[in-house]
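Following: one structure in structure tokens, then a few remarks.
The values are calculated or read from the model by the stated rules, or taken from the named source; none is laboratory data. Being a predicted model, the structure only gives us computed values, none of them experimental. We place every Cβ from the backbone using ideal geometry, glycine too, and count neighbours over all the protein chains shown.
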Amino acid sequence: MNGETSHAAIERMLSAYLDEQLTQAEAQRVQLHLEECASCRTALEQMREIQRLTAQIPFRRPPEEALEALEGRLSVRAPRRGGWALLIMGVAGWILYGLIVLLRHPRWPSVPELIAAAVVIGLLLLFVSVLRQRLLERPHDRYRKIKR
Amino acid sequence: MAAIPVAVAQVSRFEPEAEFAELFAQYRLRAYYYALQMLGNPDDALEVTQEAFLRLHRHWVRRDRSRPFAPWMYSVVRNLSIDLLRKRACRQECELEAAPEVAPEVGPERESQRRQLTERLWREIARLPEAQREVLLLRDWHGLSYAEIAEATGTSLTTVNSRLHDARSRLRERLRGYL
């Protein structure tokens, strides 16, 4: 490897050298080159300065109320999603179970079974109604982007 | 920014909600700042942070425990930010924090120079190609390791290394008279 090629190759390793990402042999090669190359020493120092300054860029902190609101919304919305998922799975399971029982032993259902069926059908109707309303209102809802 | 705290090992794995709440408290600002750096708009950044933690929570109990939390969180924030950028079709530049109180030992003139240099640096970082900018910020501002950056951005270690080198070289060129 001639001097010029070696210089270019070492220069490309400076960033990784700064972050201590090189193997021991590579790092030693860079160190030896740095001892005799002022241009690479300057480049390394400038990269180090860029790294130091970048770490200190002061991005504006969000207002404390916004962070608290974020926490509040998460604690409200996370269980709600879980609740919907459980409700849907429960109703689906109930319907499936009812159908299997009905198909295997066709008979007139008992009173508790009729009550259970009424609850399931009621929940299903409510769910379909809410879903339909959401879908119908969605294109015209001016506030849909506002977080609840 | 301070180094990323080690995963919350003290909280029992049998208390997933407590563990998640602890990680939310630790990482919410990091998620917010990363979204802000990508999007430039504080309201969008808050929206993305909220959606990111909702998604993380949804997969929390069934997550791969061998995977560290930080790269996972950063990748979710990144994907949501990219989606939002596509919808917005343009990226804003966020404003930096107002100048802090001047320390007596530094002096107002030196502080002003430092401030100018920081602002100039941020302008130049903002001009970098997207792929280089995110790798640079994840490494030098958020303090992620190369492996964590590779996982968060879905790239290889070699790509991370090469993008970092290109970003730093470009910044060095553009800030030649200032460093």
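Quick check on segment A:20-61: of everything there that is in contact with a Cys (Cβ under 9 Å, 6 or more places away or on another chain) and either more than 13 Å from every other protein chain (Cβ to nearest Cβ) or of a type in the set (V, I, T) (or both), which residue is surrounded by the most Cβ atoms within 10 Å (Cβ to Cβ)?
A:V30
How many residues does segment B:13-61 contain that are more than 7 Å from chain A (Cβ to nearest Cβ), hydrophobic (A, V, I, L, M, F, W, C) and under 19 Å from B:I125 (Cβ atoms)?
So the answer is 4.
Applying the selection to segment A:95-128, what residues are in a loop (DSSP other than H, G, I, E, B) and surrounded by 13 or more Cβ atoms within 10 Å (Cβ to Cβ)?
A:P109
Filter segment A:78-93 for residues that are in contact with a helix residue (DSSP H, G or I) (Cβ under 6 Å, 6 or more places away or on another chain) and either at pLDDT 85 or above or facing another protein chain (nearest Cβ under 7 Å) (or both) and give the result.
A:A78, the sole residue that qualifies.
From (1) charged (D, E, K, R); (2) modelled with pLDDT under 95; (3) over 17 Å from the mean Cα position of the chain (by Cα); (4) not in a loop (DSSP other than H, G, I, E, B), pick out the condition that doesn't hold for B:E101.
Going through the list (1) charged (D, E, K, R); (2) modelled with pLDDT under 95; (3) over 17 Å from the mean Cα position of the chain (by Cα); (4) not in a loop (DSSP other than H, G, I, E, B), B:E101 breaks only (4).
Take segment B:134-179 and flag every residue that is over 19 Å from B:P68 (Cβ atoms) and more than 11 Å from chain A (Cβ to nearest Cβ).
B:T159, B:G177
Suppose the filter is part of a loop (DSSP other than H, G, I, E, B) and of a type in the set (A, V, I, L, M, F, W, C); does B:V61 pass it?
yes
Given the conditions (1) in contact with a Pro (Cβ under 6 Å, 6 or more places away or on another chain); (2) surrounded by fewer than 21 Cβ atoms within 10 Å (Cβ to Cβ); (3) closer than 19 Å to B:L85 by Cβ, which single one is not true for B:E151?
So the condition that B:E151 fails would be (3).
Looking for something surrounded by 11 or more Cβ atoms within 10 Å (Cβ to Cβ), modelled with pLDDT of 80 or more and more than 28 Å from B:H59 (Cα to Cα) - is there at least one such residue anywhere in segment A:62-75?
Scanning segment A:62-75 turns up at least one residue that is surrounded by 11 or more Cβ atoms within 10 Å (Cβ to Cβ), modelled with pLDDT of 80 or more and more than 28 Å from B:H59 (Cα to Cα).
So, in segment B:154-173, exactly how many residues are under 19 Å from B:I125 (Cα atoms) and either out of contact with any Lys or Arg (no Cβ under 9 Å at 6 or more places or on another chain) or surrounded by fewer than 24 Cβ atoms within 10 Å (Cβ to Cβ) (or both)?
Of the residues in segment B:154-173, 12 are under 19 Å from B:I125 (Cα atoms) and either out of contact with any Lys or Arg (no Cβ under 9 Å at 6 or more places or on another chain) or surrounded by fewer than 24 Cβ atoms within 10 Å (Cβ to Cβ) (or both).
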